[in-house]
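Trainee: Just passing along the structure, written as structure tokens.
The values are calculated or read from the model by the stated rules, or taken from the named source; none is laboratory data. Computed from a prediction, not measured in an experiment: that's the story for all the values here. Glycine also receives a Cβ, built like all others from the backbone with ideal geometry; neighbour counts cover every protein chain displayed.
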């Protein structure tokens, strides 16, 4: 806790999400703290359960969502700061057996890692 | 690098040191599980390695089952073993017996179809295990160090706290053990998806790196062959409820368990760890199967990280549960051994909880019961095979 705000942990400076450490209601004040101890303020837009992710910046549709400095998948629509980031707006780039081979649900260059 | 950590275990003829002294009852096939369990109910120091394999499988899987059971019978925690054969199974009971005997352990085989049926075989098995239990029961523990240890690591029923706290603790334990010339074994190939590039960068050789990409690719193709999105199989509905949105997120948290040291190689599911250092066991995330893979590798103790609260134990290996979620710890304190939730609450550092967990782990290796052992969570295991049962 930081005063009457709710703490959210961000791991790397480049991450676009932070993990909330309490159940969050819409319009709750959030303090985002990173590993280096830097803090910033954020207003929640959604109800976000304990342990879930809040967007700390705008993430455009098709962009990778970063946590641990790595990609969790891509945004299926543009996500605003303070929004709950979860299965309703992220798509995995793995195990998508429901789409044709070679086709991805969203444009992505996962192969570039190999 | 030396370390101050010592533990006390049972020295075996081949130099291994066990954290437990168990008579392993090994059914060569699913059909004799009931016999194995009945013998355990009637004897001390015995555990059944029950599974659902050993017959009506294709040759590569039958060999895998034989290899896995043989390596479990040669586990450092096993003082003696009884192999139970139905008499017509597809796995090779004689090979299991021969490989256990080669380690110098007392081992015998009984065959249900030759002994006159289920009750006669239970009777014969009780007599044999009674004799074995008495024979091994006087063995004393000797001093051992981290260089004698293979630590198995696993996370299950994860949520977002696992990657932030309990897995970080296991990662530090892993680094400390590897630095002290010990051995660490991790698996869950499914939970490398999205993090395989990070693991591959830590591979000892380019070939090991390629193998890491390969096992992930094979695991993903098996999932995709079903023709649905893998989500809900992995991550599980519980993972998703706990805030893990994609397999990438689950994997990036899961690999924190492996610490930061070089990865020596990738082992097939039944394989024994061949040398010191950090190794990957190609295995699924499914608890009863990966714990078997870690045990077959020779892990004398398994440290198991959880966020939502996995209850697992294993028949012949103590499983120490470390919980990353403070809410879960207070709710399930009878299943959780270590409270790592203090880390995300800001009350303790990762280093502090690592120190505490190392100390507890040494005590457990020396004989202190884990929560799951003390309530007999010791019957659930299975073997990970690839083809169909037909």
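Trainee: Just give me the residues in the range A:57-73 being farther than 20 Å from residue B:255 by Cα and either crowded, with 21+ Cβ neighbours inside 10 Å or within 9 Å of chain B (Cβ to nearest Cβ) (or both), in sequence order.
Mentor: Within the range A:57-73, just A:59 meets the criteria.
Trainee: Still on this structure, please answer the following. Quick check: is even one residue across the range B:287-297 within 12 Å of another protein chain (Cβ to nearest Cβ) and closer than 21 Å to residue B:168 by Cα?
Mentor: No, the conditions are met nowhere in the range B:287-297.
Trainee: Here are some conditions: (1) within 9 Å of chain B (Cβ to nearest Cβ); (2) at pLDDT 95 or above. Residue A:91 meets all but one. Which one does it not meet?
Mentor: Checking residue A:91 against (1) within 9 Å of chain B (Cβ to nearest Cβ); (2) at pLDDT 95 or above, the one that fails is (2).
To keep it simple, each residue is scored yes or no on (1) farther than 20 Å from residue B:125 by Cβ; (2) touching a strand residue (DSSP E or B) at 6+ places or on another chain (Cβ under 6 Å).
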position: B:16; (1), (2): yes, no
position: B:46; (1), (2): no, yes
position: B:49; (1), (2): no, yes
position: B:62; (1), (2): yes, no
position: B:76; (1), (2): yes, yes
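Trainee: May I pose another question? What's the total number of residues in the range A:35-56 that are surrounded by 15 or more Cβ atoms within 10 Å (Cβ to Cβ), away from chain B (no Cβ under 11 Å) and part of a loop (DSSP other than H, G, I, E, B)?
Mentor: So the answer is 4.
Trainee: Residue check, residue B:181 against (1) in the same structural domain as residue B:36 (by TED's automatic domain parsing); (2) in contact (Cβ under 8 Å) with a residue 60 or more places away in the chain; (3) surrounded by fewer than 17 Cβ atoms within 10 Å (Cβ to Cβ), all met but one. Which one?
Mentor: It is condition (1) that residue B:181 fails.
Trainee: Hey, can you tell me all the residues within the range A:14-72 that are farther than 18 Å from residue A:90 by Cβ and out of contact with any strand residue (DSSP E or B) (no Cβ under 7 Å at 6 or more places or on another chain)?
Mentor: A:23, A:25, A:26, A:34, A:35, A:36, A:37, A:38
Trainee: Quick one: which helices (runs of 4 or more DSSP H) lie wholly within the range B:166-267 and hold at least 2 residues that are in contact with a helix residue (DSSP H, G or I) (Cβ under 9 Å, 6 or more places away or on another chain) and either under 29 Å from residue B:387 (Cα atoms) or more than 9 Å from chain A (Cβ to nearest Cβ) (or both)? Spell out how you get there, then give the answer.
Mentor: On the way: elements: B:167-179, B:196-201, B:206-224, B:237-241, B:247-254.
Fully inside the range B:166-267 and qualifying: B:167-179, B:196-201, B:206-224, B:247-254.
Trainee: In addition: Every residue in the range B:131-158 that is crowded, with 17+ Cβ neighbours inside 10 Å, out of contact with any helix residue (DSSP H, G or I) (no Cβ under 7 Å at 6 or more places or on another chain) and not in a strand (DSSP E or B), please.
Mentor: Once the filter is applied, which keeps residues that are crowded, with 17+ Cβ neighbours inside 10 Å, out of contact with any helix residue (DSSP H, G or I) (no Cβ under 7 Å at 6 or more places or on another chain) and not in a strand (DSSP E or B), the range B:131-158 yields B:132, B:133, B:136, B:141, B:148.
Trainee: Could I ask something else about it? Of the residues B:322, B:375, B:360, B:344, only one is surrounded by fewer than 23 Cβ atoms within 10 Å (Cβ to Cβ) and touching a helix residue (DSSP H, G or I) at 6+ places or on another chain (Cβ under 8 Å); which?
Mentor: Of B:322, B:375, B:360, B:344, the one residue that is surrounded by fewer than 23 Cβ atoms within 10 Å (Cβ to Cβ) and touching a helix residue (DSSP H, G or I) at 6+ places or on another chain (Cβ under 8 Å) is B:344.
Trainee: If you don't mind, another one. Please tell me if residue B:293 is in the same structural domain as residue B:213 (by TED's automatic domain parsing) and either more than 27 Å from residue B:147 (Cα to Cα) or assigned to a loop (DSSP other than H, G, I, E, B) (or both).
Mentor: So residue B:293 fails the test.
Trainee: Residues that are within 14 Å of residue B:310 (Cα to Cα): find the helices (runs of 4 or more DSSP H) completely inside the range B:322-390 holding 1 or more of those. Break it down stepwise before answering.
Mentor: Numbers: elements: B:326-331, B:341-344, B:350-365, B:371-374.
In the range B:322-390, B:326-331, B:371-374 are the helices (runs of 4 or more DSSP H) which contain 1 or more residues that are within 14 Å of residue B:310 (Cα to Cα).
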